[in-house]
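Chemist: Dumping the structure here so I can ask a few things about it.
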Amino acid sequence: MSILQAIIIAIVEGITEFLPISSTAHMKFTNPLVGAENGAFTDMYEVVIQLAAILSVVVIYAKKFLDFKHFSFYIKLVIAVIPALLFGILFKKYIDRALDNLTFIACVMIAGGIVLLFIDSFFKNNVINEEKDISYGKAFMIGCFQVLSIVFPGLSRSASTIIGGMSQRLTRSLAAEFSFFLAVPTMFAASVKSFYDTYKDHPDILAAGNMSTLGIGALVSFVVALIAVKFFITYLQKHGFRAFGWYRIGLGLLMLALLYSGTIRA
């Protein structure tokens, strides 16, 4: 992977990580378009720059995320992350196969887009607007929704957890915030696992050149995500999910057309 390819993929990740349009799908679609080869380093790179993007949440919400006086907040995150960790460990082979299937990801993009077209009308009377009012049971249910994004790559971790939050009567803005917070332990665990697995199987992969590429990509993803988070919260409060639904459907159809025409290969 060249530096230019790494930067382009990192920009795509930073923009899409917090939007309900699946950053994973966008990276998987971007790779063949920019000529990035599939392989162990590329797979690890995608996971690590996701973590870098998500760490922007810790900066933006530092007062809330680093408020150690309210320990129950961290307990809720631990409870919510458990379903994804267990599923990720038990079904890693299935997950890896699904992540390599661009046709499947494109179809999930379209299906998820259709759901987003109607999601605002499903949850009209949500009243929970503060994190302290999220019970442990609600946190666990949101975590169960996060598993859907693992089972169906392209669904979007952000979309699944926000919808999960809204199903538990959280307002759109609080559901989005809790989704952001939940992403931190989720992607930290995924990054550590990916780093370990890659190094175990390919101990020479962390050469100086690869580490430089990884560092540049992580920085770019982090900075771009700082901007994207603020945009998303503002937009979501005013307009809801409908535009993201149409975007997902359009992109999914475009990718299917490119795949079936042979322009890009699955």
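Chemist: Could you list, in sequence order, the residues of region 94-107 that are surrounded by 13 or more Cβ atoms within 10 Å (Cβ to Cβ) and closer than 15 Å to Met27 by Cα? Working first, answer last.
Modeler: Filtering region 94-107 for residues surrounded by 13 or more Cβ atoms within 10 Å (Cβ to Cβ) gives 95, 98-102, 104-107.
Those that are surrounded by 13 or more Cβ atoms within 10 Å (Cβ to Cβ) and closer than 15 Å to Met27 by Cα: Ala98, Leu99, Asp100, Asn101, Leu102, Phe104, Ile105, Ala106.
Chemist: Please go through region 164-223 and give me each residue that is among the charged types (D, E, K, R) and assigned to a helix (DSSP H, G or I), ordered by number.
Modeler: Filtering region 164-223 down to residues among the charged types (D, E, K, R) leaves 169, 172, 177, 193, 197, 200-201, 204.
Correct list: Arg172, Glu177, Lys193, Asp197, Lys200, Asp201.
Chemist: Suppose we keep only residues that are in contact (Cβ under 8 Å) with a residue 12 or more places away in the chain and assigned to a helix (DSSP H, G or I) within region 82-93. Which one would you say is surrounded by the most Cβ atoms within 10 Å (Cβ to Cβ)?
Modeler: Just the residues of region 82-93 that are in contact (Cβ under 8 Å) with a residue 12 or more places away in the chain, to begin with: 82-85, 87-88, 91.
Checking the rest, the ones that are also assigned to a helix (DSSP H, G or I) come to 82-85, 87-88.
Details: Ile82: 15, Pro83: 19, Ala84: 24, Leu85: 17, Phe87: 18, Gly88: 16.
Per the stated criteria, the residue is Ala84.
Chemist: Of all residues in region 177-197, which are more than 12 Å from the chain's Cα centre (by Cα) and crowded, with 24+ Cβ neighbours inside 10 Å?
Modeler: Scanning region 177-197 gives a single hit, Phe178.
Chemist: All but one of (1) farther than 18 Å from Ser179 by Cα; (2) modelled with pLDDT of 85 or more; (3) small (Gly, Ala, Ser) hold for Ala208, so report the exception by its number.
Modeler: It fails just one condition, (2).
Chemist: Among the candidates Ile110, Ile150, which residue alone is part of a helix (DSSP H, G or I), farther than 24 Å from Asp197 by Cβ and of a type in the set (Val, Ile, Thr)?
Modeler: Only one candidate passes the filter, namely Ile110.
Chemist: What are the residues in region 250-265 that are of a type in the set (Gly, Ala, Ser) and more than 21 Å from the chain's Cα centre (by Cα), if any?
Modeler: Correct list: Ala257, Ser261, Gly262.
Chemist: Give the residue, chosen from Arg242, Arg248, that is among the basic types (Lys, Arg), touching a helix residue (DSSP H, G or I) at 6+ places or on another chain (Cβ under 7 Å) and buried (at least 20 other Cβ atoms within 10 Å of the Cβ).
Modeler: Exactly one of Arg242, Arg248 is among the basic types (Lys, Arg), touching a helix residue (DSSP H, G or I) at 6+ places or on another chain (Cβ under 7 Å) and buried (at least 20 other Cβ atoms within 10 Å of the Cβ), namely Arg248.
Chemist: Related question: Take the residues in region 237-249 that are in contact (Cβ under 8 Å) with a residue 24 or more places away in the chain and more than 17 Å from the chain's Cα centre (by Cα); name whichever of them is farthest from Ala106 (Cα to Cα).
Modeler: Here the answer is Gln237.
Chemist: Another question, then. It is to be established whether one or more residues within region 30-47 are crowded, with 17+ Cβ neighbours inside 10 Å, on the phi > 0 side of the Ramachandran plot and not in a helix (DSSP H, G or I).
Modeler: So far as region 30-47 goes, no, none of its residues is crowded, with 17+ Cβ neighbours inside 10 Å, on the phi > 0 side of the Ramachandran plot and not in a helix (DSSP H, G or I).
Chemist: Among the residues that make up region 116-123, is at least one of them buried (at least 20 other Cβ atoms within 10 Å of the Cβ) and part of a helix (DSSP H, G or I)?
Modeler: Yes, region 116-123 contains at least one residue that is buried (at least 20 other Cβ atoms within 10 Å of the Cβ) and part of a helix (DSSP H, G or I).
Chemist: Filter region 48-81 for residues that are among the hydrophobic types (A, V, I, L, M, F, W, C), without any contact (Cβ under 8 Å) to a residue 24 or more places away in the chain and part of a helix (DSSP H, G or I) and give the result.
Modeler: Answer for region 48-81, where residues must be among the hydrophobic types (A, V, I, L, M, F, W, C), without any contact (Cβ under 8 Å) to a residue 24 or more places away in the chain and part of a helix (DSSP H, G or I): Ala62, Phe71.
Chemist: Looking at region 53-81 only, could you name the residues that are under 24 Å from Met141 (Cβ atoms) and touching a Ser or Thr at 6+ places or on another chain (Cβ under 6 Å)?
Modeler: Correct list: Val81 only.
Chemist: Quick one: in region 170-200, of everything that is touching an Asp or Glu at 6+ places or on another chain (Cβ under 9 Å) and farther than 26 Å from Gly215 by Cβ, which residue is modelled with the lowest pLDDT?
Modeler: Once the filter is applied, the top-ranked residue is Arg172.
Chemist: Being surrounded by fewer than 24 Cβ atoms within 10 Å (Cβ to Cβ) and not aliphatic (A, V, I, L, M) is the filter here, so list the residues in region 154-176 that pass it.
Modeler: Listed by number, the residues that qualify are Ser167, Gln168, Arg169, Thr171, Arg172, Ser173.
The values are calculated or read from the model by the stated rules, or taken from the named source; none is laboratory data. Here the structure is a predicted model, which means the values were calculated and not measured. A quick note on method: Cβ atoms are made from the backbone with ideal geometry, for glycine too, and the neighbour counts reach across all protein chains shown.
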